[in-house]
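Since the structure comes first, as structure tokens, the remarks are kept for the end.
The values are calculated or read from the model by the stated rules, or taken from the named source; none is laboratory data. All values derive from a computational prediction rather than experimental measurement. Neighbour counts run over all protein chains shown; Cβ positions are idealised from the backbone, glycine included. Only protein heavy atoms, including side chains, enter the accessible area calculation; ligands, DNA and RNA are left aside. Shrake-Rupley method; radii C 1.70, N 1.55, O 1.52, S 1.80 Å.
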Amino acid sequence: MNREIIGKRLRETRESLELTRKEVTDLVSIGTTTLQQWETGAREASLEIIEELAKLYKTTPQYIIFGDDNYTPKIDPSESCEYIYIPFYDIQASAGLGLFTDGAVEPSKHLAFRHNWANARGLQADKLVALLTKGDSMQPTIKNGAVIIVDTTDNNPADGNLYVVRIADELYVKRIQKIPLGIRLISDNKAVYAPLDINYSDYTDDQLQVCGRIIHTSHDL
């Protein structure tokens, strides 16, 4: 196999879905350096990994290995519209994420994302919401004024992931760690902000809500 040409096709098909190397390596459990070496031709990818990446990239191992001038990416019929429009909520305008997920608060605008961006990550477009964050508790990961995209279907917290959590009428953007009687909310800016332990028994169901996992963040310089 010509590893340089195969590497070029691996990179091009990944980029066609707007996937970063980090996002790919999170999905297939390989190192970003290894993926970079495959894409540049510095190392040769095995047939097994080519098959796995081809499936993720919506193509075939034959295309990755041999190429095809007539190749076009497989597009699901539901992707006929190029963009999805994610509702954006001013985090200061609502009394809590639970309200606008119930439709009680209208979004102030919508943000356009390419359909294949959501599809490649297995996301349900109509279950995504966007928020503007405030404060420095999650720096450097999430900066003050960053826009975050939240997957509201993912509300079963897993250790180390980022979530939006509502406690009464306050919203928190934190990492979550499970503890015996509840959850621990952890700030990335540990020098300033101490962890906050939440005991489930101290709150009713309508007072405490894991609203969803943060799957994307962006900000203006």
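Kindly evaluate A42 against the criterion of being of a type in the set (G, A, S), more than 19 Å from the chain's Cα centre (by Cα) and at pLDDT 65 or above.
Working: of a type in the set (G, A, S): yes; more than 19 Å from the chain's Cα centre (by Cα): yes; at pLDDT 65 or above: yes.
So A42 fits the description; yes.
Pull out all pairs, ordered by first then second residue, where Cβ-Cβ is under 7 Å, the residues are six or more apart or on different chains, the first lies in region 37-54 and is farther than 18 Å from K22 by Cα, and the second is polar (S, T, N, Q) and crowded, with 17+ Cβ neighbours inside 10 Å.
Cβ pairs passing all conditions: none.
Does region 156-214 hold any residues that are without any contact (Cβ under 8 Å) to a residue 60 or more places away in the chain, surrounded by 15 or more Cβ atoms within 10 Å (Cβ to Cβ) and among the charged types (D, E, K, R), and which are they?
K174, R175, R184, D188
Show me the strands (runs of 3 or more DSSP E) found entirely inside region 105-151 where at least 3 residues are open to solvent by 40 Å² or more (accessible area, probe 1.4 Å). First the steps, then the outcome.
Numbers: elements: 109-114, 128-132, 147-151.
By residue number, 109-114.
For G98, work out the one condition from (1) modelled with pLDDT of 85 or more; (2) surrounded by 16 or more Cβ atoms within 10 Å (Cβ to Cβ); (3) not hydrophobic (A, V, I, L, M, F, W, C) it doesn't fulfil.
For G98, the exception is condition (1).
Does region 30-40 include one or more residues that are of a type in the set (D, E, K, R), open to solvent by 60 Å² or more (accessible area, probe 1.4 Å) and within 18 Å of K58 (Cβ to Cβ)? Break it down into steps so the answer makes sense when it comes.
Within region 30-40, the subset of a type in the set (D, E, K, R) is 39.
Imposing the further condition that a residue be open to solvent by 60 Å² or more (accessible area, probe 1.4 Å) reduces the set to none.
Looking through region 30-40, none of the residues is of a type in the set (D, E, K, R), open to solvent by 60 Å² or more (accessible area, probe 1.4 Å) and within 18 Å of K58 (Cβ to Cβ).
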